[in-house]
Structures are given as structure tokens and as C-alpha cells.
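Report on one structure; see the data block that follows.
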Amino acid sequence: MAFKLFKKKDARRACVVGLDGVPCTLLKDMMERGVMPNLKELVGRGTLTDMTVSLPEISSVSWSSFMTGKNPGEHGIYGFTDLKENSYDYRFPQFNDLKTETIWDRMGRQGLRSIVINQPSTYPAREIPGVLISGFVAIDIPRALYPRKYLASLARARYRVDIDTEKSREDADFLFKDLDALLECRKVIMDELWDKEEWNFMQVIVTGTDRLYHFQWDAYEDPSHPNHERFLQYHRNVDDFVGYVYEKFSKEGSPENFFMLSDHGFCGIKNEVYVNSMLQKYGFLAFDDGSDTLSDITSDSTAFALDPARIYIHRKERYPKGCVEDKDVEGIKSELKAMFGSIEHDGPRDEPIIRHIFDGADVYSGGQTPGAPDILLVPHNGYDMKGRVGASTIVGERRLQGMHTWDNAFFLSLRNDLLSSDEELTIFDVPWKVLKSIDVEP
């Protein structure tokens with residue numbers, strides 16, 4: 001891809017700090033408690049609003065939507081996993097599977113350069129007009145960096161993409177130390193690139209918030225929890241980081257072009273819910289000889305699910321054992337929607353599980369819609385939807401403490417002219433507002 005040469009005298013600049021998974025309500029709570037005074041000061045200068053994100057409400061899809069300004073029907077990323085074409089084998093979509101240009105490409109065509117640090121779903125890193133350091137899931141540091149001339153810098157910063165999730169799940173002391181180390185290495189590499197590179201757009205993503213919420217959400221909700229104070233202290237550290245970035249940026253001439261966002265919200269988990277078990281119980285899905293792998297799906301199964309709650313009609317022309325004719329798709333969709341709408345958690349709470357049922361045809365548009373799920377489920381808070389195969393029950397015990405939510409993400413803009421009071425914001429709107437702040441054409 002060819003880009004114009006950077007115009008050194010171009011004073012247009014914008015800065016974005018992403019806090020992965022941080023709910024708008026939690027942010028407000030932390031400001032009210034005095035835990036995040038830098039955020040409170042910034043909010044006082046700008047506008048903080050909640051927003052909805054992509055469907056499904058997971059980082060790979062939401063961050064892909066932010067970096068393109070497009071819905072999955074255009075950019076083609078529907079989850080952390082997908083199926084290989086004409087197969088039941090899983091594959092892991094990567095950055096080269098993204099079907100549309102990024103906002104950094106768009107800026108590059110106008111001679112602007114970007115520094116992008118810890119951006120999820122950009123592995124392996126590819127050329128952008130500037131510097132890109134991939135975020136999770138990135139398994140090899142050299143392949144997570146463009147250009148590679150900064151490999152020595154990453155080594156000196158002791159840069160890592162993610163915490164040790166397995167150890168952190170079992171050891172809270174290790175988790176909090178690892179979170180702080182990760183925040184520090186982001187700061188070190190940002191400082192070096194800030195000074196060495198000519199840039200117009202600076203973006204850094206903090207993913208430790210997401211990790212903390214998955215493993216220690218109870219520490220937030222329960223003030224008597226042994227890790228409650230450490231939970232708050234990490235947010236103080238994040239607030240210090242945000243204040244540090246803003247102070248650096250405010251000296252660059254356009255302090256009002258400072259933005260923050262999260263890619264989804266978060267809430268506590270009460271139970272896991274196994275969507276394929278629902279489909280099995282109500283006769284939409286079966287496996288040969290009691291097997292519990294998707295490749296053993298029977299030829300008369302009419303639907304199956306992929307994580308977290310993506311429902312696919314078992315179409316005859318799309319899957320090796322597919323049986324559903326095109327003329328029957330809408331009827332099966334109607335049956336599925338009725339079933340999902342009636343599901344309740346039988347037990348002490350006796351409450352509905354599903355909050356929203358979306359038809360994929362209403363959610364997605366664009367050239368990649370042939371790969372889209374047919375139905376998407378958004379649960380009530382507390383029910384963590386899983387696409388795993390082989391669960392013996394529909395509702396099971398939780399394995400994590402926190403889960404993503406489709407709503408309650410946040411966006412903060414110091415450019416009050418970019419937001420209207422009655423606007424129902426989505427993550428698809430955000431990149432266009434950022435681009436408008438530096439006069440980049442949509």
C-alpha cells in the first residue's frame with residue numbers, strides 16, 4: 001500500500017486511550033469515589049457518554065469495528081474463532097482477514113502518520129503509515145511489530161502483549177503485579193515512540209482492565225473482599241497513566257482532540273449458559289453416537305452455535321452435512337427465536353436468560369454477510385453465554401467472575417462539538433468523530 005510522505009509541518013493531532021472492557025457506570029463510580037481524579041477532570045472539560053458496541057460484544061469484533069468504522073458485515077470479523085470454509089474445523093481470524101481499510105490507512109492517504117500501541121486483533125502486524133504494535137492475541141513479538149526496527153526498544157522496555165492469564169487466574173498477588181508491569185511497559189514504549197517518530201495520531205490500549213474484571217470482578221462489587229483495595233489501586237494507576245498521556249498530549253497544540261473509549265461493558269457472572277446444549281435439548285442439534293465435537297454434527301441438525309452466542313443455520317449449500325434449504329431458513333429462524341425467548345433459569349431465581357434476540361440480517365450489511373451468524377443472543381446481565389460443545393446442562397457454574405456486556409461501554413470526547421445530547425452512540429460512530437477532529441474525510 002502506498003502512502004503520501006509525512007508533512008512535517010502538518011499540525012493536526014489526535015490522541016486516543018482505550019480502556020478495554022471498562023463500563024461507563026464503573027468509570028462514573030470511580031470518579032465519584034475519588035479514585036480517578038484525572039478522569040474526573042477530563043470529563044469536566046468534555047462529554048462522557050455510554051454506548052453500545054458490536055454484536056457479538058467481544059474485543060476482536062468491537063476493536064475491528066473501531067479501527068475500520070465498519071460493521072462486521074463489511075470488515076468480516078465475527079469472533080475470536082470461526083469455521084474454515086465448507087468445514088467444521090475451527091480457525092482463528094487474524095489481521096489479514098480484515099476486509100476493509102483501517103482508519104490509520106485512511107489517515108495515511110492524507111499524509112498523516114499513526115502510532116498504534118497494543119491494538120487487539122492486529123496480529124500479525126502489517127504495514128501502516130507509522131508504527132503498529134499488535135495487542136492480543138499476538139503470540140510472537142517480532143510478528144507483532146511494524147516496522148521491526150523497534151524490536152530492541154521493545155526488549156529494553158520488557159514489553160509483553162498480555163499477562164500470564166493462567167497463573168493470574170489462580171494467584172491474585174501475581175495478577176496485580178503483572179497488571180502493573182504491563183501498564184509500565186506500555187508507558188515506556190509510548191514515551192520512546194512519542195519522541196522518535198513524527199506522528200499525527202497516537203493510540204494506546206490498556207487491556208489490563210479487561211483481565212482484572214474477568215478474574216476479580218467480585219473484588220469490585222464487595223467492599224469487604226480481600227482484594228477490593230487492590231482493585232481500586234489498579235484504577236488509580238490507570239488514572240495516573242491517563243493523566244500522564246493527556247499531559248504529554250496537551251503540550252502538542254490540540255489538547256481538545258483527546259478521546260477515550262472502551263470496546264464493551266462488563267458485569268458480574270452468576271452462571272454460564274451453554275447455547276449448543278439449548279439447541280440439543282429442543283431438537284435443533286444432534287451429534288453422531290453421542291460425540292461432542294462439532295465435526296460430528298448430524299446431517300439432520302438445523303442449527304449450531306459458535307462463541308459466545310452466534311447461531312448459524314445448518315444450510316445445505318454452506319456446510320458439508322447441511323440440510324436446510326434456503327426456502328426453510330426463515331421458518332427455522334422463527335422457531336429458534338421463539339425457543340430462545342422462552343428459556344428461563346429454573347432454580348432459586350426462576351428468571352429469563354435472554355435479553356435481546358437479534359436477526360443477523362438486521363444487524364449486518366456489506367459484502368461479508370455470507371459469513372455472518374443468523375441469530376445473535378444478548379443475555380441478561382450475569383448469564384455468560386458460551387458456544388462450547390459437550391456441556392451436559394444448559395446452565396452451569398461460572399468459571400470467571402466477570403463477563404462482557406453489549407451496552408454500558410463508554411466514550412469520552414473533549415470535543416463537545418462532536419457529540420449531540422440526544423445521540424445514541426455506537427462504537428461504529430467513534431472513529432469517524434476522531435477522524436473529523438483532524439479533518440480527515442470519511
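Here are a few things to note about the model shown:
- For the chain, relative contact order (Cα pairs under 8 Å, six or more residues apart, normalised by length) works out to 27 percent.
- Loop-located GluC sites (Glu not before Pro) across region 27-57 with a Cβ neighbour count of 13 or fewer within 10 Å are lacking, with loop assigned by DSSP.
- Note on the chain: antiparallel DSSP beta bridges, both residues inside, total approximately 55 percent of the bridges counted.
- Nonlocal amide H pairs with Ala14, under 5 Å, H built at 1.01 Å: Phe201, Met202
- Overall size of region 271-399 from C-alpha positions, given as principal axis extents largest first: 43, 37, 24 Å.
- Between 0 and 90°, nearest 10: helix 172-196 axis offset from the chain longest Cα axis: 50 degrees
- For the chain, modelled as a GNM whose springs connect Cα atoms under 10 angstrom apart, the maximal fluctuation among Thr293, Thr25, Thr426 occurs at Thr293.
- Multiplying the residue separation of Lys251 and Asp289 by 0.36 nm and removing their Cα-Cα distance gives an extension gain of 7.0 nm.
- Cleavage-rule hits (trypsin sites (Lys or Arg not before Pro)) in region 175-272: DSSP loop, at most 12 neighbouring Cβ within 10 angstrom: Lys251
- Region 307-328 and region 395-437 have Cα centres lying 32 Å from one another.
- Whole-Hz ³J(HN,Hα) from phi, Karplus 6.51 cos²θ - 1.76 cosθ + 1.60, for region 295-305, glycine and proline x: 5, 9, 4, 7, 6, 9, 5, 9, 7, 8, 10
- Of the peptides 413-422, 66-75, the ranking by mean beta-carbon count within 10 Å, highest at the top, reads 66-75, 413-422.
- Where only DSSP H runs of four or more residues are counted, the chain gives -10000 deg cm²/dmol as its mean residue ellipticity at 222 nm, each run worth -39500 (n - 2.57).
- Simple Cβ-charge dipole of the chain, Lys/Arg +1 and Asp/Glu -1, about Cα centre, in debye nearest 20: 1820 debye
- Sparse packing (at most 11 other Cβ atoms within 10 Å of the Cβ) combined with a DSSP loop state is found for the following GluC sites (Glu not before Pro) in region 358-442: Glu397, Glu424.
- Close amide H partners of Gln119, meaning residues 5 or more places away or on another chain with modelled amide H under 5 Å apart, are Ile133, Gly135.
- DSSP beta bridge pairing in region 271-399, given as percent antiparallel to the nearest 5: 75 percent
- Backbone phi angles across region 153-161, fed through the Karplus curve with coefficients 6.51, -1.76 and 1.60 (θ = phi - 60°), yield HN-Hα couplings of 5, 4, 5, 5, 7, 6, 6, 10, 7 Hz in residue order; Gly and Pro are listed as x.
- Near Asp384, the amide H atoms lying under 5 Å from its own belong to Lys270, Asn271, Glu272, Val273; only residues 5 or more places off or on other chains count, and H is placed 1.01 Å from N.
- Considering only Glu256, Glu166, Glu344, the mean-square fluctuation computed in a Gaussian network model of the chain, springs between alpha carbons under 10 angstrom, is largest for Glu166.
- Listed residues Ser153, Trp217, Ala172: farthest to the positive end of the dipole of region 141-227 (Cβ charges): Ser153
Only the coordinates and a few stated rules stand behind these numbers; no lab work does. Since this is a predicted model, take the numbers as computed values, not measurements. Every residue, glycine as well, gets a Cβ built from its backbone with ideal geometry; the counts of neighbours run over all protein chains shown.
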